[in-house]
1. In whole Hz, what ³J(HN,Hα) sequence does region 34-47 give by Karplus (6.51, -1.76, 1.60; θ = phi - 60°), x for Gly and Pro?
2. Amide H to amide H under 5 Å from Lys48: which residues, 5+ apart in sequence or cross-chain, H placed 1.01 Å off N in plane?
3. Long-range amide H contacts for Ile15: which residues qualify at under 5 Å (H placed 1.01 Å from N, peptide plane, sequence gap of 5 or more or a different chain)?
4. Net charge near Lys38: determine it from the other residues with C-beta under 14 Å of the C-beta of Lys38, scoring Lys and Arg +1 and Asp and Glu -1.
5. Considering the Cα trace of region 2-53, what is its radius of gyration and what is Dmax, both in angstroms?
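Nothing in this text is a laboratory measurement; each read-out follows from the coordinates by a stated rule. Values in this document were obtained by computation on a predicted structure and should not be read as measured data. Note: ideal-geometry Cβ built from the backbone for every residue, glycine included; neighbour counts use all protein chains shown.
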Amino acid sequence: MSKQFWSYLVAQGLIESPEDFITHVPDHSCVFGDDNVKYLKKRFEVIKTYFMFGSIAYTERI
């Protein structure tokens, strides 16, 4: 959604250099509690099968 909005702003001439402020930022999730850990692990198992998440990793710190 954000990329569509930024594209619109560029097309309208409201933003001249989007590369000056649009940067790749890794996405992280941090959860606490057994139920949340189980949910995140299950979510990881599902989304890792999609090609766009080929480099996704799951870790736990004990």
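1. Those phi angles translate into 4, 4, 5, 5, 4, 4, 5, 5, 5, 4, 4, 4, 6, 6 Hz.
2. Close amide H contacts, sequence-distant or interchain: none at all.
3. Val10
4. Values: positive: Lys41, Lys42, Arg43; negative: Asp34, Asp35, Glu45, Glu60.
Residues near Lys38 contribute -1 overall.
5. 17.2, 49
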